[in-house]
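Worksheet: one structure, shown below.
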Amino acid sequence: MAEPHILVNKDGPILTIRINRPDKKNAITNEMYDALVGALTLATNDSHIIAVKLEGTGDCFTAGNDLADFLSMEEISMNASAPRFLKALASFPKILIAVVQGVAVGIGTTMLLHGDFVVATTDARFQLPFINLALVPEAASSLLLPARIGYLRAAELLLLGESFTAETALYLGLVNRVVDPTELEACSLGILKQLLGKDPSALFETKRLLKLQSIEVDGRMAEEFKAFGARLASPAFKTMAEAFFQSKRT
Ligand code: COA
């Protein structure tokens, strides 16, 4: 039987969620978003879990939303799978550490804006390619990215849609640490071990207070998805997404 595309493993106070579709560069389907929501809900409701470690499989974090799923969607509502995942992520009350190896494209980069720690390998590559697909930003990244890295830098990443290195991500403040792939596990576990030495309630309360500044996130996501849905229905998006799959066939 094929392995699930989202693997969940509980090890004491840590829940590891692994995006596991390496043959498609861990591109995330609607079914996978639903499984991710399930895992985050499990972590929220289990009082023994302090932190979630979110990672990819193989040489890849995720190539973002499955483009075939996008092509089959005429519109997107806040109750659709991807928005539900992003809302669950943005309101996740426990600690979230994202571990990025290889490519983190689209939502693979924007979801990091909701994490509490991001550890990346030296070979990690980030990209916000929405503009190249005639799409617009999501995950409240149009709000959170300029707030995090400044308007001009955010505008460059979103208007040019070029990929950038882990070194640049560190410089911009999108990741906490950049390590050799061989040190990735030890580095993320080291951070988790430090966190587990703290009082859990104080950790969660500190996170809640830190996130108060993002109070407009829900509203911005709704606004973005309105625009995103309109773009998904545009001929320009369909042409560009079809060109991606065509390039894989030639
Ligand atoms: N949706 C669906 N399938 C995807 C995908 C995506 N987002 N990204 C990659 N895949 C599939 C490819 O179609 C290919 O499938 P195939 O082997 O059946 O042809 C497989 O994953 C491997 O991808 P490939 O492009 O050959 O790998 P690569 O190492 O050369 O490039 C990426 C990796 C991530 C740079 C490249 O795949 C890419 O740009 N993907 C699209 C990213 C994207 O636009 N995401 C949506 C943002 S809104």
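The values are calculated or read from the model by the stated rules, or taken from the named source; none is laboratory data. Computed from a predicted structure; not experimentally measured. Please note: Cβ atoms are built from the backbone with ideal geometry, for glycine as well, and neighbour counts cover all protein chains shown. These area figures cover heavy atoms from the full protein model, side chains too; ligands, DNA and RNA do not enter into them. Shrake-Rupley method; radii C 1.70, N 1.55, O 1.52, S 1.80 Å.
Considering only residues in segment 153-183 that are in a loop (DSSP other than H, G, I, E, B) and open to solvent by 30 Å² or more (accessible area, probe 1.4 Å), the one that is nearest to Val99 (Cα to Cα) turns out to be Asn176.
Quick one: Gly58 ticks every box in (1) outside any helix (DSSP H, G or I); (2) within 16 Å of the ligand (Cβ to nearest atom); (3) of a type outside the set (A, V, I, L, M, F, W, C); (4) surrounded by 15 or more Cβ atoms within 10 Å (Cβ to Cβ) bar one, so which box is it? For Gly58, the failing item is (4). Does any residue of segment 106-114 turn out to be in contact (Cβ under 8 Å) with a residue 12 or more places away in the chain, within 22 Å of Val179 (Cα to Cα) and assigned to a strand (DSSP E or B)? No; the residues of segment 106-114 include none that is in contact (Cβ under 8 Å) with a residue 12 or more places away in the chain, within 22 Å of Val179 (Cα to Cα) and assigned to a strand (DSSP E or B).
Against the criterion of being more than 11 Å from the ligand (Cβ to nearest atom), open to solvent by less than 30 Å² (accessible area, probe 1.4 Å) and at positive phi, Gly115 does not qualify.
Of all residues in segment 7-47, those that are open to solvent by less than 40 Å² (accessible area, probe 1.4 Å), among the aliphatic types (A, V, I, L, M) and away from the ligand (no atom under 16 Å from the Cβ) total 8.
Of the residues making up segment 187-221, just one is assigned to a helix (DSSP H, G or I), of a type in the set (Asp, Glu) and at pLDDT 95 or above, namely Glu205.
Just one of (1) within 12 Å of the ligand (Cβ to nearest atom); (2) surrounded by fewer than 19 Cβ atoms within 10 Å (Cβ to Cβ); (3) acidic (Asp, Glu) fails for Glu74. It is (1). Checked against (1) open to solvent by less than 70 Å² (accessible area, probe 1.4 Å); (2) within 16 Å of the ligand (Cβ to nearest atom), Val217 meets all criteria but (2). Does Ala90 satisfy the condition of being open to solvent by 10 Å² or more (accessible area, probe 1.4 Å) and farther than 28 Å from Ile215 by Cβ? Spelling it out, it is not the case that Ala90 is open to solvent by 10 Å² or more (accessible area, probe 1.4 Å) and farther than 28 Å from Ile215 by Cβ. Of everything in segment 122-148 that is crowded, with 22+ Cβ neighbours inside 10 Å and of a type outside the set (A, V, I, L, M, F, W, C), the residue that is nearest to the ligand (Cβ to nearest atom) is Glu138. Beta carbons closer than 8 Å, at least 6 apart along the sequence or on distinct chains, pair a first residue in segment 153-173 that is free of Cβ contacts under 8 Å to residues at least 40 places away in the same chain with a second that is part of a helix (DSSP H, G or I) and aromatic (Phe, Trp, Tyr) for Leu158/Phe130; Gly161/Phe130. Residues that are surrounded by 15 or more Cβ atoms within 10 Å (Cβ to Cβ), under 18 Å from Thr110 (Cα atoms) and either among the β-branched types (Val, Ile, Thr) or in contact with a Leu (Cβ under 7 Å, 6 or more places away or on another chain) (or both) are absent from segment 184-206.
Only one entry in Ala88, Ala68, Ala98 is within 12 Å of the ligand (Cβ to nearest atom) and under 19 Å from His5 (Cβ atoms), namely Ala68.
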